[in-house]
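Report on the following structure.
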Amino acid sequence: MSSTTTSPRELRRVAASAFAGTAMEWYDYILYGTASAVVFTHLFFPAHDLAVATMLSFATFAAGFVARPLGAVIFGHLGDRMGRRAAVVGSIILMGVSTGIIGLLPPYAAAGILAPLSLLLMRLFQGISAGGEWGGAMTLVMEHAPKHKHGIYAAIPQLGSPVATLLSTGALAIVVTLPEADFLSWGWRIPFLMAFPFLAVGLYLRYRVEESPVFKQLQATQTISKVPLVSAVRHTGGRMLLGGMAALLGGSGFFIITTFMISYGTSVLGLERQTMLNATLFGALGQIVVIIVSGRLADRFGAWKVCATGAAISAVMAFPVFALVDTGNPVLATFGVVIGMATLTIPYGPIGSLLTSIFPAQYRYSAMAVSYNVFGIIGGFLPMISQALLVANGKASWGVALLLMGVSLVSMIGAIGAGSKRVAAKRAQEDLELEAATEGNLASTGN
């Protein structure tokens with residue numbers, strides 16, 4: 001079931017809304033990840049042991065990922081029952097408010113244990129919001145877009161991630177130039193408080209978007225699932241597993257190259273904090289190019305082929321990436337981060353097109369959101385696992401490189417499985433059955 005009624009003007013509006021909303025969501029989410037490496041370790045946890053404080057900071061980072069499946073269930077249910085548009089509006093409100101409040105929280109020195117607990121609570125709200133955002137934005141765009149352009153239109157919401165990286169890391173890179181005392185006192189708060197005006201812009205754009213024509217058709221034919229997630233697991237549980245595996249690298253491996261790498265480069269290799277932040281900015285610029293190219297390639301060769309190939313390239317480049325960073329040379333380290341971010345972005349660009357194609361419309365939002373975010377839990381723990389591997393191996397990076405390679409191979413296997421002829425045949429059969437049911441309902445109404 002695909003869109004046949006969306007005008008070019010409305011399609012551009014939907015795509016712009018998805019991009020802007022996703023950029024705002026990921027600005028908030030990525031900002032926390034970067035700040036957990038350069039700010040929260042020093043302000044929100046006991047400072048007598050830096051290694052322990054770093055682990056605790058990464059633990060609150062991971063908590064947001066644990067909460068994402070809950071958000072996927074909540075917003076997926078709303079999106080499949082009440083409409084895609086209502087769900088994505090709700091998710092953006094929750095994210096904007098919780099992120100803005102982080103900028104107002106007192107530090108550990110002033111509030112004691114309440115400081116990390118409040119930070120943890122806001123992070124959980126961020127996770128719930130993010131769990132519903134990606135699946136909703138992607139479903140809304142794909143159900144408006146023509147099938148022969150699903151690859152490039154799937155890439156548009158994905159552009160929100162690198163743009164958000166540029167905005168969030170860039171904001172921190174600016175305020176980090178303040179004197180240390182000013183930065184730790186009030187400077188770090190400014191990027192978080194920016195979430196409030198960003199929320200206003202995101203809401204304006206999303207309220208102007210029309211509901212998905214596919215969902216309107218489901219309403220008209222009374223084929224909306226009563227409990228979408230149950231139906232999704234019952235009928236497409238295997239595909240949800242494969243889809244989550246395929247999405248693992250782009251959605252989770254990213255945080256090895258950014259969140260962990262910033263901490264590793266500054267605390268172990270002695271690189272300047274500004275150097276590592278700038279490396280992430282250059283990497284985000286590269287991601288923008290890669291996402292657009294991979295989206296176009298997906299329309300030409302197939303989304304699953306691009307995802308599988310990209311994951312394989314990322315696996316091959318895992319050790320070279322860390323070898324470059326390990327030189328401790330600012331230029332080579334930056335080059336390593338850029339390569340790492342670029343390669344894992346190849347499958348990230350068209351992943352929305354791949355997942356949309358393997359789930360029926362009645363429970364597409366729930367199936368996509370849950371499969372993506374259940375596997376996304378792994379991403380939240382990757383910086384912690386990377387840190388543990390680093391400590392266990394005497395601060396040698398080979399264990400973390402091996403971890404990145406493993407994540408890449410899992411995504412490659414998932415993409416191949418999701419794109420198999422058997423899965424494609426099942427999807428085609430379900431479409432035929434749904435169309436037959438729709439025609440039957442229309443005929444009954446006519447009689």
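The values are calculated or read from the model by the stated rules, or taken from the named source; none is laboratory data. Quick caveat, the model's predicted, so the values are computed rather than measured. Glycine also receives a Cβ, built like all others from the backbone with ideal geometry; neighbour counts cover every protein chain displayed.
Kindly list the number of the only condition in (1) under 17 Å from the mean Cα position of the chain (by Cα); (2) modelled with pLDDT of 90 or more; (3) over 20 Å from Val290 (Cα atoms) that fails for Pro157.
Unmet condition: (3).
Taking region 296-340 only, how many residues are among the aromatic types (Phe, Trp, Tyr) and touching a residue at least 40 places away in the same chain (Cβ under 8 Å)?
Residues that pass the stated criteria total 3.
Given the structure, is Pro116 crowded, with 19+ Cβ neighbours inside 10 Å, under 19 Å from the mean Cα position of the chain (by Cα) and either farther than 15 Å from Ala87 by Cα or among the hydrophobic types (A, V, I, L, M, F, W, C) (or both)?
Here the answer is no, as Pro116 does not meet what is asked.
Of (1) at pLDDT below 90; (2) surrounded by fewer than 24 Cβ atoms within 10 Å (Cβ to Cβ); (3) of a type outside the set (Lys, Arg), Thr169 satisfies all except one. Which?
Result: Thr169 passes all but (2).
Look through Leu167, Leu121 and report the one residue that is free of Cβ contacts under 8 Å to residues at least 40 places away in the same chain and not basic (Lys, Arg).
Leu121
Looking at region 180-195, is at least one residue assigned to a loop (DSSP other than H, G, I, E, B), over 12 Å from the mean Cα position of the chain (by Cα) and not aromatic (Phe, Trp, Tyr)?
Yes: one or more hits.
Just give me the residues in region 391-422 being small (Gly, Ala, Ser) and part of a helix (DSSP H, G or I), in sequence order.
Across region 391-422, the qualifying residues are Ala392, Gly399, Ala401, Gly406, Ser408, Ser411, Gly414, Ala415, Gly417, Ala418.
So, Val337, is that one on the phi < 0 side of the Ramachandran plot, crowded, with 24+ Cβ neighbours inside 10 Å, in a helix (DSSP H, G or I) and β-branched (Val, Ile, Thr) or not?
So Val337 fits the description; yes.
Is it fair to say Ala388 is over 17 Å from Met240 (Cα atoms), hydrophobic (A, V, I, L, M, F, W, C) and part of a loop (DSSP other than H, G, I, E, B)?
no
Of everything in region 203-233, what is assigned to a helix (DSSP H, G or I) and closer than 11 Å to Tyr363 by Cα? Give them in sequence order.
Correct list: Phe215, Leu218, Pro228, Leu229, Val230, Ser231, Ala232, Val233.
What tally of residues in region 86-111 results from selecting those that are of a type in the set (Val, Ile, Thr) and without any contact (Cβ under 8 Å) to a residue 60 or more places away in the chain?
Here the count works out to 1.
For region 381-421, what are the residues that are among the charged types (D, E, K, R) and in contact (Cβ under 8 Å) with a residue 60 or more places away in the chain?
Within region 381-421, just Lys395 meets the criteria.
For the list (1) within 23 Å of the chain's Cα centre (by Cα); (2) crowded, with 23+ Cβ neighbours inside 10 Å; (3) modelled with pLDDT under 80, I need the number of the one condition that Phe45 fails.
That leaves (1) as the condition not met.
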